[in-house]
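Participant: Handing you a structure now.
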Amino acid sequence: MSRRSHAERRAESAQRLLAACVELIAEQGFERTTAVEIGERAGYSRSMVSVRYGSKEGLLQSLFDSEIKQRLLPDHQLTGLAWVLGHLDHAVTLLELDRDLAKAFCVLIFEGVGGIPSVREWYAGWMVDYEAALVQHLTEGQRDGEIDPGLDPVQEAEQIVSYGLGICFRWTIDSENYDFAGAIRRWRQRLAARYRPDPSGPAVTPAAGATAARPRRSSRSSTGRP
């Protein structure tokens, strides 16, 4: 059996540290998790996080870039209504495949409200970008005839973000009893029904001012009402 290269060993250690970080955030939050705990959970020395990332905050940034940001996105080929609903389908799939990562994502949202500026900044930028993308795809869905043209994409995007945060909060508070996947599936059904155009209704142009996404404040690239 050939010896692994330095690059292979480094990649493995990085992945194990990221996995340990996700597990611990899901269990107890980022603020309560120490770099020592992450290193030990990954099976390395107490100083391994500092060696690889400089600090646990450096590891968190890597987690945002390589895991959360990438794996939260559905198929890039989707557009319009398929993109909007695809995000919910993707969230259910992520719950089934990597519950810890989904839980860590939710836990970090609410930790960002407190005293972790880097977390708050990342999520604030992410929400601005996500809401702008929702407006864009809802508008495209109206142009394609898939979404009721009488709806306001800006208001719908705001409601989607707000409702999504609400069910994330419920799951974070009571993850053992709250059926998060079921809530997302029911939400998807309501959205699909709400957005369906009325075939007997008159042709209506999209709401004024809804044809362009809001300007982004970040460089990072519904609901049936509850």
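The values are calculated or read from the model by the stated rules, or taken from the named source; none is laboratory data. This is a predicted model, so every value here is computed, not measured. Please note: Cβ atoms are built from the backbone with ideal geometry, for glycine as well, and neighbour counts cover all protein chains shown.
Participant: Only one of (1) at pLDDT 95 or above; (2) not in a helix (DSSP H, G or I) fails for Glu158. Which number is that?
Facilitator: Here Glu158 clears every test but (2).
Participant: Could I ask something else about it? Give Val135, Val107, Val113 a once-over and let me know the one that is out of contact with any Cys (no Cβ under 8 Å at 6 or more places or on another chain), surrounded by 19 or more Cβ atoms within 10 Å (Cβ to Cβ) and within 19 Å of Gln28 (Cα to Cα).
Facilitator: Going through Val135, Val107, Val113 in turn, just one is out of contact with any Cys (no Cβ under 8 Å at 6 or more places or on another chain), surrounded by 19 or more Cβ atoms within 10 Å (Cβ to Cβ) and within 19 Å of Gln28 (Cα to Cα): Val107.
Participant: Among Leu18, Leu81, Leu24, which is in the same structural domain as Ala124 (by TED's automatic domain parsing) and surrounded by 13 or more Cβ atoms within 10 Å (Cβ to Cβ)?
Facilitator: Within the list Leu18, Leu81, Leu24, the selection yields Leu81.
Participant: Do we find a residue being part of a helix (DSSP H, G or I), touching a Leu at 6+ places or on another chain (Cβ under 6 Å) and surrounded by fewer than 18 Cβ atoms within 10 Å (Cβ to Cβ) anywhere in the range 176-184?
Facilitator: Yes: one or more hits.
Participant: Go over the candidates Leu60, Leu95 one by one and state the one that is among the aliphatic types (A, V, I, L, M) and crowded, with 21+ Cβ neighbours inside 10 Å.
Facilitator: The match here is Leu60.
Participant: Being of a type in the set (Lys, Arg) and buried (at least 17 other Cβ atoms within 10 Å of the Cβ) is the filter; apply it to the range 27-56 and report the residue that is farthest from Leu97 (Cα to Cα).
Facilitator: So, considering only residues that are of a type in the set (Lys, Arg) and buried (at least 17 other Cβ atoms within 10 Å of the Cβ), the one farthest from Leu97 (Cα to Cα) is Arg52.
Participant: Still on this structure: Which one of these is over 30 Å from Arg188 (Cβ atoms) and at pLDDT below 90: Arg32, Arg9, Arg16?
Facilitator: Exactly one residue qualifies, and that residue is Arg9.
Participant: Does Arg3 qualify as being farther than 27 Å from Gly166 by Cβ and outside any helix (DSSP H, G or I)?
Facilitator: yes
Participant: Being aromatic (Phe, Trp, Tyr), within 20 Å of the chain's Cα centre (by Cα) and at pLDDT below 95 is the requirement here; does Phe110 meet it?
Facilitator: yes
Participant: Go through the range 1-41 and report how many residues are of a type in the set (A, V, I, L, M, F, W, C) and over 20 Å from Gly54 (Cα atoms).
Facilitator: 2
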